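K.L.:
Below is a structure I'd like to ask you about.
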Amino acid sequence: MNSSNTNKTQKYGMPFKEVGRLLQKEPAEWISLLPSNDNQPPLGSGAKLSPQIMRALLVSLGVPFSAQILAFMNLKGGVGKTTSSITIATRAVQYGFKTCILDLDAQASATLAFGVELKESDSIFYDIWQSPHDEVAGAIVEIEEYLHILPSALENSLLDVSLINPVAQKKAVQGVCDVLRTLGFDVIIIDCPPSLGAAVISTACAADTITIPAGVDAYSFKGIELILDEIKSIRQTFGLGEVDIRILPTKLDRRQNLTQTALNKLTENYKDLLLPISIGASSSFSKALERCETIFASSQKNQAKTDYDLTTQILLGLNKLFK
């Protein structure tokens, strides 16, 4: 397992003040739920609970931390797929989930977002999928505690050639994810390329939940239909059952009347798939990326954080706990 040289501090601890808000409890009520060696976390306006302490707290409240594979997929680019992947990954870490991002996009946007720079000797998915038990552990890059990435590079564009065999397509991503699970990862988040290639086909076979980040323009509506049809076709071809699919509206300009009209259309057409959260356009995403981090590294409050927090809760099954 490699380590990123960009940052070794814990950016993604859970802010102390947020815990009480989430649980609707005073500190004295929830601190007593922690193991005796953890029940005196540091206080102060900037204090954060480490992922281990947050995990212990949620375990005491009955959260099972069962392993799951969450894929972010859309054949259309520019819809916030990578932003959703990395933002939800870092929020999952704050909740105490040991998380690995599997970057399959040859553009390597998720990898670059955290400032991960690969050396010539470093491995990516293209290098390891055939021997995951031997190769995965050494290819993972640690961004910080509980947050890791299996990085990408341009060579992942060659997957369409190396994964031409249908049996390989079915098993490649699943095999890597199986090893990640044995390494103790609770959440594996897959950032897919915006094209119907071998990486997307293999991911559609492996994912427990596929989230489709989508805009609300006419082209995006056509894209939703296309990706839904392709996911169904892929899983039928390989003899797999239905997968949990969610649609996440993104990059909304709430000032425009057309936005609400489009959301109404999404609700009408995809009521059972549509997440009850939509992500508004915000400059906070680009500002965070300039610092090689996501919006959850900052203590600043904004609507984008609220939206992605609620989305993360739903995808991780925490929404019933944090009513």
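K.L.:
Just give me the residues in region 162-190 being under 14 Å from Trp129 (Cα atoms) and not in a helix (DSSP H, G or I), in sequence order.
P.N.:
Within region 162-190, Leu163, Ile164, Asn165 meet the criteria.
K.L.:
Would you mind telling me which numbered condition in (1) under 23 Å from Pro51 (Cα atoms); (2) of a type in the set (A, V, I, L, M); (3) in contact (Cβ under 8 Å) with a residue 12 or more places away in the chain Ala288 fails?
P.N.:
(3)
K.L.:
Quick one: Met54 ticks every box in (1) within 27 Å of Asp229 (Cβ to Cβ); (2) in a helix (DSSP H, G or I); (3) hydrophobic (A, V, I, L, M, F, W, C) except a single one, so which number is it?
P.N.:
So the condition that Met54 fails would be (1).
K.L.:
Which one of the conditions (1) outside any helix (DSSP H, G or I); (2) of a type outside the set (A, V, I, L, M, F, W, C); (3) more than 28 Å from Ile124 (Cα to Cα); (4) in contact (Cβ under 8 Å) with a residue 40 or more places away in the chain does Pro193 fail to meet, given that it meets all the rest?
P.N.:
(3)
K.L.:
Under the condition of being more than 13 Å from Ser220 (Cα to Cα) and either at pLDDT 85 or above or charged (D, E, K, R) (or both), which residue from region 251-263 is surrounded by the fewest Cβ atoms within 10 Å (Cβ to Cβ)?
P.N.:
So the residue we want is Arg255.
K.L.:
Only one residue in Val136, Val167, Val179 is free of Cβ contacts under 8 Å to residues at least 60 places away in the same chain, farther than 21 Å from Met73 by Cβ and buried (at least 24 other Cβ atoms within 10 Å of the Cβ), so which one is that?
P.N.:
Just a single option satisfies the conditions, and that option is Val136.
K.L.:
For region 118-154, give me the residue count where each residue is at positive phi and either among the acidic types (Asp, Glu) or touching a Gly at 6+ places or on another chain (Cβ under 6 Å) (or both).
P.N.:
Here the count works out to 0.
K.L.:
Still on this model: Among the residues of region 264-320, what is the count of those that are in a loop (DSSP other than H, G, I, E, B), surrounded by 17 or more Cβ atoms within 10 Å (Cβ to Cβ) and out of contact with any Leu (no Cβ under 9 Å at 6 or more places or on another chain)?
P.N.:
Matching residues across region 264-320 total 3.
K.L.:
Please determine, by comparing only the residues of region 184-209 that are among the polar types (S, T, N, Q) and in contact with a strand residue (DSSP E or B) (Cβ under 6 Å, 6 or more places away or on another chain), which one is surrounded by the fewest Cβ atoms within 10 Å (Cβ to Cβ).
P.N.:
Among residues in region 184-209 that are among the polar types (S, T, N, Q) and in contact with a strand residue (DSSP E or B) (Cβ under 6 Å, 6 or more places away or on another chain), the one surrounded by the fewest Cβ atoms within 10 Å (Cβ to Cβ) is Thr209.
K.L.:
Name the single residue that is surrounded by the fewest Cβ atoms within 10 Å (Cβ to Cβ) among those in region 51-71 being in contact with an Asp or Glu (Cβ under 6 Å, 6 or more places away or on another chain) and closer than 24 Å to Ala214 by Cα.
P.N.:
This residue is Gln68.
K.L.:
Any residue at all in region 251-269 that's under 19 Å from Arg91 (Cα atoms) and small (Gly, Ala, Ser)?
P.N.:
The answer is no, given that none of the residues of region 251-269 is under 19 Å from Arg91 (Cα atoms) and small (Gly, Ala, Ser).
K.L.:
Quick one: Tyr146 ticks every box in (1) in contact with a helix residue (DSSP H, G or I) (Cβ under 6 Å, 6 or more places away or on another chain); (2) without any contact (Cβ under 8 Å) to a residue 60 or more places away in the chain except a single one, so which number is it?
P.N.:
(2)
K.L.:
Check Ile279, Ile224, Ile231 and return the single one that is on the phi < 0 side of the Ramachandran plot and at pLDDT 95 or above.
P.N.:
Testing whether each residue is on the phi < 0 side of the Ramachandran plot and at pLDDT 95 or above leaves just Ile231.
K.L.:
In this structure, does Leu240 turn out to be in a loop (DSSP other than H, G, I, E, B), of a type outside the set (Asp, Glu), at pLDDT 90 or above and more than 29 Å from Leu49 (Cα to Cα)?
P.N.:
yes
K.L.:
If you check Leu263 against the conditions, is it more than 17 Å from the chain's Cα centre (by Cα) and among the hydrophobic types (A, V, I, L, M, F, W, C)?
P.N.:
In short, yes.
K.L.:
Any residue at all in region 238-260 that's under 30 Å from Arg21 (Cα atoms) and hydroxyl-bearing (Ser, Thr, Tyr)?
P.N.:
Checked against the condition, which is being under 30 Å from Arg21 (Cα atoms) and hydroxyl-bearing (Ser, Thr, Tyr), region 238-260 yields at least one hit.
K.L.:
Conditions: (1) closer than 30 Å to Gln169 by Cα; (2) touching a strand residue (DSSP E or B) at 6+ places or on another chain (Cβ under 6 Å); (3) crowded, with 16+ Cβ neighbours inside 10 Å. Asp244 meets all but one. Number of the miss?
P.N.:
Every listed condition holds for Asp244 apart from (3).
K.L.:
Taking the residues in region 10-40 that are among the polar types (S, T, N, Q) and loosely packed, with under 14 Cβ neighbours inside 10 Å as candidates, determine which candidate is modelled with the lowest pLDDT.
P.N.:
Gln40
The values are calculated or read from the model by the stated rules, or taken from the named source; none is laboratory data. Source: prediction; values computed, not measured. When we count neighbours, we look across all protein chains shown, and the Cβ atoms used for this are built from the backbone with ideal geometry, even at glycine.
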